[in-house]
Amino acid sequence: MAAENGNSYDAIVVGAGQGGFPLAMKLAGQGKRTALVEARHVGGTCVNYGCTPTKTMVASARAAYMVGRAAEYGVGATPGAVDMEVVRRRKRQIVSDFRGGSERAVENTENLELVRGTASFTGPKTLNVSGESGEREISAEQIFINTGTRPNVPPISGIEGVPYLNNESIMELDRVPEHLVVIGGGYIGVEFGQMFRRFGSRVTILQRGPRMLPREDEDVASEVLSILTDDGIQVVTGAQTKSVTTSGSGGVELSVEVNGEARTISGSHLLLAAGRAPNTDMLNLAAAGVETDKRGSIQVNDRLETGVEGIWAMGDVKGGPAFTHISYDDFRVIDRNLSGDGMGTIAGRLVPYTVFMDPQLGRVGMSEREARDAGYNVRVAKIPMTWVARALETDETRGLMKAIVDADSDLILGFTMLGMQGGEIAGAVQVVMTANLPYTILRDGAFAHPTLMESLNNLFATFEGE
């Protein structure tokens, strides 16, 4: 519902993402006259360009993959061509439904006004909003920044002259690329690389570092590489892309240095998956006195306060773990500090995440390397998915399970599952970690057979070197 006339508010939320949207709703529900400023779409990256659309397309890719494996299960099926127009239409419809629900919620909320446009600080309490309807200056004593990030464009010679794709534009393709070249072997590159391989593309992933997924332990990253290679994806590590040009066929040609050796790689399409940049350059933060780090991420304390009284930052724009659930938890922290007991903090919180490759990579807590670097007396439990009955029964045996345990307290420090429904099982382990219960709860629990949960019995009964 539109607010009363005037440009002065009790609170302004800049960005209608997974932290900003619920915060604006909560503030308005408390009777505060609130402006929610959004330059693009309500819902932020997750609903419009991230989680929702990509996982919708991942489901289509898995359907194509399982049709191709049907004979292994004794089922007659003839793999057919993937209709990208149908895949895209399904994706667009789900995004539209999610976004529409959020927009209607904003429109029907008293004390809340959706202000369309790009915000820029003119002072610590004032913002200029520029949109299609012109410019407008608004002010408030409390301002919350939730502007998120955007795809990073690496400094490659010639990149601006070729028709490259990013994680948003690639989902709008209406046909399957003949040969997709991906720059970046992180989570985005892995998900889209496998997805389009299953749609029928030839796929080459170029990773600048010595291995993929550098945040993961080496044994986990190695297993991910094995799975992608098994799927027919070419992964080139130690690859520094020096320049890119348009080829005579309308595709792209990359000059790449691989471990010191010059190579030329050609493809029909190029996907840039080399990280993301914070949306702070348009905010004119200097006018408000808000500081950023060298990447442009807004600096905050554990309560999510900036160095300027009355200004907070939440979600990906503040740096750190860039996940939807972390952005939403940032909302909880701020809400607790504003209207709860004032004890909200991001210090020490567990950061779970799932890479929606197939099988899923679910992770929560420390890696083995992080735990050892932190000085813990570490015990490592690890089993291959070939030891898991449910995986054998469904013929989904790729991957592994791994847990890091503090030998002095028997508490679980971290858990990784690269396997079917790895994200779901990681969530179950997270509950035990959150409750500060010993690993023996999972080792000795009587879980239903045959489920993936019972594999935790076997995992925690097996420690390396014991």
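Just so it is clear, none of the values below were taken in a lab; they were calculated from the coordinates. Keep in mind that this is a model prediction, so the values were computed, not measured. Virtual Cβ from ideal backbone geometry, glycine too; neighbours counted across all protein chains shown.
Enumerate the calculated ³J(HN,Hα) couplings along region 162-179 in order (Karplus 6.51 cos²θ - 1.76 cosθ + 1.60, θ = phi - 60°), each rounded to whole Hz, writing x wherever the residue is Gly or Pro.
Karplus-based 3J(HN,Hα) across region 162-179 equals 10, x, 7, 10, 10, 5, 8, 5, 5, 7, 9, 5, 9, 8, 7, x, 5, 9 Hz.
Using the crude model of +1 on Lys and Arg Cβ and -1 on Asp and Glu Cβ, and no other charge, please compute the dipole size for the chain relative to its Cα centre, in debye to 20.
About 660 debye.
Of 285, 80, 350, whose Cα points farthest to the positive end of the dipole of the chain (charges on the beta-carbon: +1 Lys, Arg; -1 Asp, Glu; origin at the Cα centre)?
Looking along the dipole axis, the top candidate is 80.
How many percent of all Cα-Cα pairs in region 58-173 sit more than 19 Å apart?
That fraction is 72 percent.
Under a point-charge model restricted to the Cβ atoms of Lys and Arg (+1) and Asp and Glu (-1), what is the dipole moment magnitude of region 359-459 relative to its Cα centre, in debye to the nearest 20?
180
Projected onto the charge dipole of the chain (+1 at Lys/Arg Cβ, -1 at Asp/Glu Cβ, origin at the Cα centre), which of 106, 123, 432 gives the Cα projection farthest towards the positive end?
The residue sitting farthest along the positive end of the dipole is 106.
Before anything else, pin down the relative contact order of the chain: Cα pairs under 8 Å, at least 6 apart, normalised by residue count, whole percent.
13
Given Cα pairs under 8 Å that are at least 6 residues apart, what percent is the relative contact order of region 359-459?
Once divided by the residue count of region 359-459, the mean separation gives 32 percent.
For 332, 215, which order do you get if you count the other beta carbons within 10 Å of each Cβ and list the fewest first?
Ranking 332, 215 by Cβ neighbours within 10 Å, fewest first, gives 215, 332.
Of the options 210, 192, 179, report the single residue whose Cα projects farthest towards the positive end of the charge dipole of region 159-274 (beta-carbon charges: Lys, Arg +1; Asp, Glu -1).
179
Of the DSSP beta bridges with both residues in the chain, give the percent that are antiparallel, rounding to the nearest 5.
Roughly 60 percent of the beta bridges in the chain run antiparallel, per DSSP.
For region 159-274, just say rounded, prolate or oblate: build the C-alpha gyration tensor, square-root its eigenvalues into a ≥ b ≥ c, call rounded for a/c under 1.5, and beyond that prolate if a/b exceeds b/c, oblate if not.
oblate
Can you list residues whose amide H is under 5 Å from residue 292's amide H, if they're 5+ apart or on another chain and H is modeled 1.01 Å from N?
Here the answer is 299, since their amide H atoms fall under 5 Å of that of residue 292.
What number, in nm² with one decimal, is the all-direction average of the projected area of the convex hull of the alpha-carbon atoms of region 21-116?
Value for region 21-116: 7.8 nm².
Just to confirm my numbers, what's the Cα centroid distance between region 232-248 and region 59-86 in Å?
29
Largest first and in whole Å, what are the equivalent-ellipsoid semi-axes of the chain based on the Cα gyration tensor, each being the root of 5 times an eigenvalue?
Over the Cα atoms of the chain, the semi-axes work out to 38, 30, 22 Å.
For residue 277, which sequence-distant residues (separation of 5 or more, or a different chain) have an amide H within less than 5 Å of its own amide H, given hydrogens modelled in the peptide plane?
Here the answer is 150, 152, since their amide H atoms fall under 5 Å of that of residue 277.
Helix-only mean residue ellipticity at 222 nm, the chain, DSSP H runs n ≥ 4 weighted -39,500 (n - 2.57), per residue, nearest 500. What is it?
-8500 deg cm²/dmol
Charges at C-beta only: +1 for Lys and Arg, -1 for Asp and Glu. How large is the resulting dipole of region 121-212 about its Cα centre, in Debye rounded to 20?
580
Apply the Karplus parameterisation 6.51 cos²θ - 1.76 cosθ + 1.60, with θ equal to phi minus 60°, to every residue of region 140-154 and state each ³J(HN,Hα) to the nearest whole Hz, in sequence, with x for glycine and proline.
With coefficients 6.51, -1.76 and 1.60, one gets 6, 6, 10, 10, 10, 9, 9, 8, x, 9, 9, x, 7, 9, x Hz.
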